[in-house]
Amino acid sequence: MTVVCMIANTQDEDRAAVTYAASLARRMDTSLEEICALPDASSALIYATSPYMIGVGGAAIEGVEAAQTKLKADCGAMFNAVCELAGPSGGAAFTEQVELPARAAVRAATLSSAIVFPHLAGCGGHTLSEAVERVMMDAALPVVLAPAEPIETGAALIAWDGSPQAARAVRTNADVLKAFSHIHIAQNGDDLGPQDANPAAQPEALADWLQARGLDSTIHRFSGSISKGLHDVAARTSAELVVAGAYGSSRAGEMLFGGATRGLLRAENAPALLLTH
């Protein structure tokens, strides 16, 4: 088992994602793998009957290959630099793959401890937005959207309403939660739906579940905007990870997730998001 980081081939975003992934791998006492997945350069070939156009296609392939070679070298150098400063105890590896990022991400997520993406990969149109969608919607596995500026405080925050999505977010990420020294539970009572009649929807029930697994927790209740309330609780408690159920599905040109997640993605100094559909 390892923590996997998918990169978007943009230096600032990638560095932040790798830094957070390395921090998470250290907490979980496991290894780290960065995956740089790029499509086959031959896909750039222009098919045509004209010999001139075939020549142009060949030159295009050479140009793409040269650009990919430089990109992989830059990504590998950045990864090594981050790991030299704060590498995980279980070791680190940089992997190059000739593959579509979405396919590479699904394969990597299958048996990983966690798969980390850059902060804005949950936004429609991002280089890795399709990869995030495939992992969450097709493979039904959780994703971590790294913060723009990683912090290390040892606290995690669970957005809890007792829904099946929130329950899966907690149950499927129990190993990740155990890597944090304290868990905060946040609930917006105004937003509870029909499931609020279920005793398990109460934050005290989740606190008992966590306690049975050796995890101490503190309950926070708020009202009003869900995204603002969660961000305020996260800021007040210095939580570096928000665990939540994601309810939306992607549409072309739109955000991948719904309003609450969108608000957290766009908030300044927002913590990492661990989302499960």
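Values for this structure:
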| read-out | value |
| --- | --- |
| All positions within segment 67-78 that are closer than 17 Å to Pro39 by Cα, of a type in the set (A, V, I, L, M, F, W, C) and open to solvent by less than 40 Å² (accessible area, probe 1.4 Å) | Cys75 |
| Which numbered condition Thr95 misses (of (1) over 19 Å from the mean Cα position of the chain (by Cα); (2) at pLDDT 75 or above; (3) open to solvent by 20 Å² or more (accessible area, probe 1.4 Å)) | (1) |
| Scope segment 31-66; condition small (Gly, Ala, Ser) and at pLDDT below 80; matching residues | Ala41, Ser42, Ser43, Ala44, Ala48, Ser50, Gly55, Gly57, Gly58, Ala59, Ala60, Gly63 |
| Where Ala81 falls short, out of the listed (1) assigned to a helix (DSSP H, G or I); (2) buried (at least 17 other Cβ atoms within 10 Å of the Cβ) | (2) |
| Failed condition for Ala93, given (1) touching an Asp or Glu at 6+ places or on another chain (Cβ under 9 Å); (2) farther than 25 Å from Ala25 by Cβ; (3) of a type in the set (A, V, I, L, M) | (2) |
| All positions within segment 1-32 that are open to solvent by 50 Å² or more (accessible area, probe 1.4 Å) and in contact with a Cys (Cβ under 9 Å, 6 or more places away or on another chain) | Gln11 |
| Test: Ala146 is of a type outside the set (Val, Ile, Thr), closer than 30 Å to Arg103 by Cβ, touching a residue at least 24 places away in the same chain (Cβ under 8 Å) and in contact with a helix residue (DSSP H, G or I) (Cβ under 6 Å, 6 or more places away or on another chain) | yes |
| Within segment 121-149, tally of residues that are open to solvent by 10 Å² or more (accessible area, probe 1.4 Å) and in contact with a Leu (Cβ under 7 Å, 6 or more places away or on another chain) | 6 |
| Scope segment 72-125; condition among the β-branched types (Val, Ile, Thr) and either more than 25 Å from Leu141 (Cα to Cα) or without any contact (Cβ under 8 Å) to a residue 40 or more places away in the chain (or both); matching residues | Val82, Val106, Thr110 |
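Condition check ((1) in contact with a Pro (Cβ under 8 Å, 6 or more places away or on another chain); (2) outside any strand (DSSP E or B)) across all residues:
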site	(1), (2)
Ala108	no, yes
Ser112	no, yes
Val116	no, no
Ala121	no, yes
Glu130	yes, yes
Leu141	no, yes
Val144	no, no
Ala148	no, yes
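The values are calculated or read from the model by the stated rules, or taken from the named source; none is laboratory data. Bear in mind that the values here come from a model prediction, so they are computed numbers and not experimental data. When we count neighbours, we look across all protein chains shown, and the Cβ atoms used for this are built from the backbone with ideal geometry, even at glycine. Side chains included, ligands, DNA and RNA excluded: accessible areas come from the protein's heavy atoms. Shrake-Rupley method; radii C 1.70, N 1.55, O 1.52, S 1.80 Å.
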